[in-house]
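A.B. asks: Just dropping this structure here.
Here, each number is a calculation from the coordinates, and none is a lab measurement. This structure is a prediction, so every number in the text was calculated from the model and none was measured. Here Cβ is always computed from backbone atoms with ideal geometry, including for glycine, and neighbour counts include all displayed protein chains.
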Amino acid sequence: MSKPNVVVFCTDSKRRPWVWKQFQAGQLRQGWAPPGSSLMNGDSVVPLLTWERRYADGARKHWKDREDLLPASKTQTRYRILRLMTGLTRGDLVLVPKMPSDREFTIAEMSRGYEFDDSHYDTPSGPGKDLGHVLPVNPKSLITFRYDSSSDAKIIAGKFRNYRSAVTPVRKQVYSDAITRLYANRAVEGNATQSKFIEAIHVILSKARGQGFRVSPAVRRAVEKRAMTLATKHFENQGYQVEDVHTRESYDLSCTKGAENLLVEVKGSQTDGAEILLTPNEVAVARKNAPKTALIVFHSIEVSTAGIASGGVKVLIHPWKPRDEQLTALVYSCRITT
């Protein structure tokens, strides 16, 4: 298996809160992106002279109050830097210094190739007509490290001064290996921690609600598997082609029918299904992609002493966009700063 490409991706600190929120939802965004300046035309990379003309036209029209309408030589330099994004693909790693804070960096795994998205350009809460260049990442893959959290983290952070462009490939093998190793080790630790965290939440809820028992991970996996099987059959019967994507995306099923693509969150429960647990990423993805989203819950699932799951009553919400009043914070993560 070939090693992934690794790039360092620098962002504007003034826009960091908005970029970080987008990053968490699966879109790592870069600037130098006036309207019409996509790097791709279908499956082909836009040629330099074409992009240069489109960039200049978009900048003059939409960035009238800006002073950085540059000469051709610098515009061409921007193109060559940004064009590096078009060579990246699913599985490649992106490291973002100073994200989400000055003494932290975040590494994520790409979910597919470069895209251009200007859907936020006219929204009042957005950063204006910019940041349309997008590297799609798996929201579940984001891992944040403090600069001094380990020997590898210190080595990596110590090299950031050499990686100040918007996008820079990591070509030195020692540095690339350190990034890959740090990410891989923490990903394994993170999966184990997440499983323990989810288990703890279930225990807290069962005690708080006076249920007096603890559902084992094996039983919960049987319930989840049953719900996934029933959900797949449901959407296949509706004429969709169904792909299980739960191991790499923050939703469970990708359902396609013609030009329609539906992102489906699947939940299974032994209870009456009045409440379910959602991760922050699941909520963020559902809100961002609505109305092309659905929630399907199978409640009242039974599990035998042999671990065989059966039954299940279906509840389908389509389209699905979680509302604030439906959500309850169970825990908070507190970053310690001085």
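A.B. asks: Where does the chain land at 222 nm, in deg cm²/dmol rounded to the nearest 500, when only DSSP H runs of n ≥ 4 count, each adding -39500 (n - 2.57), divided by all residues?
C.D. replies: Helix-only estimate at 222 nm: -10500 deg cm²/dmol.
A.B. asks: Which value in Å does the Kirkwood hydrodynamic radius of region 6-188 take, with 1/r averaged over all unlike C-alpha pairs and then inverted? Don't jump to the answer; show the numbers that get you there.
C.D. replies: Working: mean 1/r = 0.0591 Å⁻¹.
Here the Kirkwood hydrodynamic radius works out to 16.9 Å.
A.B. asks: I've got another one for you. Treat the count of other C-beta atoms within 10 Å as a stand-in for reagent exposure and order Leu230, Leu142 from fewest to most.
C.D. replies: Details: Leu230 19, Leu142 22.
Result, fewest neighbours first: Leu230, Leu142.
A.B. asks: If you don't mind, another one. Most exposed first by the Cβ proxy, i.e. fewest other Cβ within 10 Å, how do Thr89, Thr75 rank?
C.D. replies: Thr89, Thr75
A.B. asks: Find me the longest stretch of the chain that has none of the exposed GluC sites (Glu not before Pro), where exposed means in a DSSP loop (not H, G, I, E or B) with at most 16 other Cβ atoms within 10 Å. Walk me through the intermediate numbers first.
C.D. replies: Values: sites that count: Glu67, Glu275.
The segment 68-274 is the longest one with no such site.
A.B. asks: Rounded to whole Å, give me the distance from the Cα center of region 7-65 to that of region 233-249.
C.D. replies: The two parts, judged by their Cα centres, are 33 Å apart.
A.B. asks: Set the bar at 18 Å for Cα to Cα. Now go through Lys288/Lys321; Lys257/Lys314; Lys21/Lys74; Lys233/Lys257; Lys3/Lys172 and name every pair that lies beyond it. Don't jump to the answer; show the numbers that get you there.
C.D. replies: Numbers: Lys288/Lys321 8 Å; Lys257/Lys314 21 Å; Lys21/Lys74 30 Å; Lys233/Lys257 14 Å; Lys3/Lys172 13 Å.
The pairs that break the limit, which is 18 Å between Cα atoms, are Lys257/Lys314; Lys21/Lys74.
A.B. asks: Related question: Sorted from fewest to most neighbouring beta carbons within 10 Å, what does the list Met40, Met85 look like?
C.D. replies: With the sparsest Cβ surroundings first, the list reads Met40, Met85.
A.B. asks: Convert each backbone phi in region 79-95 into a coupling constant with the Karplus relation 6.51 cos²θ - 1.76 cosθ + 1.60 (shift: θ = phi - 60°), then list the ³J(HN,Hα) values in order as whole Hz, x for Gly and Pro.
C.D. replies: Calculated HN-Hα couplings, in order: 4, 5, 6, 5, 4, 4, 5, 6, x, 8, 8, 4, x, 6, 9, 10, 10 Hz.
A.B. asks: In the Gaussian network model of the chain, springs joining C-alpha atoms below 10 Å, which of Phe160, Phe145, Phe298 carries the largest mean-square fluctuation?
C.D. replies: Evaluated over the chain, the most mobile residue of the options is Phe160.
A.B. asks: I've got another one for you. Within the P(r) computed for region 215-326, what percentage of the Cα pairs occupies the region above 21 Å?
C.D. replies: Values: 2145 of 6216 pairs.
For region 215-326, the share of Cα pairs beyond 21 Å comes to 35 percent.
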